[in-house]
Amino acid sequence: MNKIEVIVTKCTGCGLCIKSCPYGAIKLVDSPHQLESGRTVKQLAVIDLDKCTYCGACVEACKRYNAILIEKKEEQVTATLDVYKNVWIYAEQHRGTISPVVFELIAKGKELAEKLNVKVCSILLGHNIKELAKELIYYGSDIVYIVDDPVLKEFLDEPYSAVLSWLIQKEKPEIVLMGATNIGRSFASRVAAKIRTGLTADCTGLDVDPTTRNLLQTRPAFGGNIMATILTPKHRPQMATVRHKVFKPLQKDTSRNGEIIEVQYDFSKVKIRTKFLEFIKDTTAKVNLAEADIIVSGGRGLGGPDGFKLLEELADLLGGAVGASRAAVDAGWIPYSHQVGQTGRTVAPKLYIACGISGQIQHLVGMSSSQIIVAINKDPSAPMMKIATYSIEGDLYEIVPELIKAVKEYKGIKD
Ligand SMILES: Cc1cc2nc3c(=O)[nH]c(=O)nc-3n(C[C@H](O)[C@H](O)[C@H](O)COP(=O)(O)OP(=O)(O)OC[C@H]3O[C@@H](n4cnc5c(N)ncnc54)[C@H](O)[C@@H]3O)c2cc1C
Ligand code: SF4
Ligand code: SF4
């Protein structure tokens, strides 16, 4: 059994531990008592054991007084790990269209499953989505689990996480992968917390150790300066989210066969506190950034929102999308959906034109695998100029109009 206690003769009643507790399990009560030093203090910290998860955060906060003692029992989970089998891919779909990252994950999942000698399964949740199952098989899934229910028509965290957590506990996969999409990020963390397992977000590499069956989850850490490989050795399933375009999908093979398993779930007991009101499409993006072959991206060097009009003109002529650095997004010049980088989108177009972007590591991690990078910058020593295939030194307000003119001439477009 886990144990936690406040040592009365050490607790000064300072209250530092209260803020540190993520579960609101600590309060101060009036209880005059004497410390080891002989000093008398008026208040004492009291821990509500019904709320405490034994996370240890308060022990850290009380380092100065050492007044909280915690004893955690070693987790005895290894014996049950063997019952977990198969690699699962969450087949995220929006209004009947499967997210492209799903096909990439199936390809990687298949590779991992072969090393572990198990099957790769896709999990399809939604309403009127049964016909999508075949597509998942054509791209490599051995089994597709479907939960088709009107409650799942639109993505809502509560019913989706309830059904997936239940299915995981029932079927016991050893690995669960999801796309690091807006939905995947919030969905995966909810499910991992519900089933009390580990989750590694935003992985850029995955492998398995066939002996321990541990998933080797690699992702950038410390602002992209190092790559860390994370393991979840004591819990199953091992959960990870992966960004779009990190892995390549398999060729579609319509001769592939697989098993489709329809599952029913009783949603009547699920508390759903959110309601889907309306779907509002982002009309500012003419071309999907993540899918674009050409991206014209702007940063703080644009000096204001009007600069994006110029970039839009170039992007339109090239049939590309407009991207942005976080500095430009934070300044309110362009919506967040255009942000490229660590906290934005990961892109890998054939051509990335960076205009007035210095190339800080948080931006580079989101675009450095672009095939050709063109940097336009006043400063020749900017990191983006160093990594670019072609660096154009100068004022973007002189260079971009010249590029627009040249493309128009090439295409025979007259002003
Ligand atoms: C946790 C964390 C996450 C982050 N995530 C992201 C992310 O996802 N994406 C992201 O982009 N950033 C991210 N950042 C911010 C990142 O560190 C940089 O601050 C940001 O990328 C800088 O944007 P910038 O290159 O547009 O601006 P700056 O670094 O200010 O660069 C502007 C550039 O424009 C050039 N310039 C100025 N005027 C002109 C002109 N007229 N013509 C040509 N060139 C000109 C300058 O020489 C300079 O190189 C993150 C930071 C943190 C701490
Ligand atoms: S337990 Fe530690 S941090 Fe909390 S009130 Fe007592 S001395 Fe302060
Ligand atoms: S161990 Fe964690 S949950 Fe328990 S009282 Fe301390 S901070 Fe709160």
Among His338, Ala188, Gly359, flag the residue with its Cα farthest along the positive direction of the charge dipole of the chain, charges on Cβ as +1 for Lys/Arg and -1 for Asp/Glu.
Ala188
One computes Rg over Rh for region 366-415 from alpha-carbon atoms, with the Kirkwood Rh, and obtains 1.07
Name the residues of region 10-43 whose amide N is less than 12 Å from a point 7 angstrom out from the Cα of Cys52 along the C-beta direction?
25-27
Mind putting a number on the dipole of region 216-330 about its Cα centre? Charges go on the C-beta only, +1 for Lys and Arg and -1 for Asp and Glu, and I need it in Debye to the nearest 20.
720
Sorted by Cβ density within 10 Å, fewest first, the residues Ser370, Ser122
Ser370, Ser122
Looking at the chain, send over the antiparallel percent of its DSSP beta bridges, to the nearest 5.
35
Arranged from highest to lowest average of other beta-carbon atoms within 10 Å per residue, in what order do the peptides 25-38, 101-114 appear?
101-114, 25-38
May I have the pair-distance distribution P(r) for the chain, computed from all Cα-Cα distances with 10 Å bins from 0 and rounded to whole percent?
4, 18, 22, 21, 18, 11, 4, 1, 0, 0
Given the Cα-Cα distance of Asp207 and Lys73 and 0.36 nm per residue of separation, how much length would full extension add, in nm?
45.2 nm
Could you work out how far apart the two model spin labels at Lys281 and Arg64 are, taking each label as a point 7 Å from the Cα in the direction of the beta carbon, and quote it in nm?
5.8
How big is region 62-155 on each of its three principal axes, counting only the C-alpha atoms and giving the largest first in Å?
61, 34, 21
State to the nearest 20 debye the size of the charge dipole of the chain about its Cα centre, where the only charges are +1 on K and R beta carbons and -1 on D and E beta carbons.
940
Percent of beta bridges antiparallel (DSSP, region 79-269, rounded to nearest 5):
30
Farthest toward the dipole's positive end in the chain, which of Val322, Phe279, Leu167, given Cβ charges of +1 (Lys, Arg) and -1 (Asp, Glu) about the Cα centre?
Leu167
For Lys275, what is the net charge nearby, where nearby means another residue's Cβ is under 13 Å from its Cβ and Lys, Arg count +1, Asp, Glu -1?
-1
Between Asn2 and Phe222, what length comes free when the chain is fully extended (0.36 nm per residue of separation minus the Cα-Cα distance, one decimal in nm)?
75.9 nm
Label-to-label distance, nm, for residues given as Ser337 and Val263 (7 Å Cα→Cβ offset):
3.2
For the chain, list the cysteines whose Cβ sits under 4.7 Å from no other cysteine Cβ?
Cys11, Cys14, Cys21, Cys52, Cys55, Cys62, Cys121, Cys203, Cys355
Can you give the Rg to Rh ratio of region 98-246, both from alpha-carbon atoms, with Rh computed by the Kirkwood formula?
0.94
Give Lys153/Lys269; Lys27/Lys269; Lys172/Lys234 a once-over and call out the pairs whose C-alpha atoms are over 22 Å from each other.
Lys27/Lys269
Protection proxy ranking of 60-66, 203-209 - average other beta-carbon atoms within 10 Å, highest first:
203-209, 60-66
Measure off 7 Å from each Cα along the Cα-to-Cβ vector at Ser31 and Arg185, then give the distance between these two points in nanometres to one decimal.
4.2
Place the peptides 401-409, 177-185 in order of packing, highest mean first, counting for every residue the other Cβ atoms within 10 Å and averaging per peptide.
177-185, 401-409
Separation of region 295-347 and region 129-165 by C-alpha centroid, Å?
34
Per-q log10 I(q)/I(0), region 310-392, q = 0.18 Å⁻¹ (Debye; single scatterer per alpha-carbon; no solvent)
-0.70
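Bear in mind that the values in this text are calculations on the coordinates, not laboratory data. Bear in mind that the values here come from a model prediction, so they are computed numbers and not experimental data. Reconstructed Cβ throughout: ideal geometry from the backbone, glycine too, with neighbour counts over all protein chains shown.
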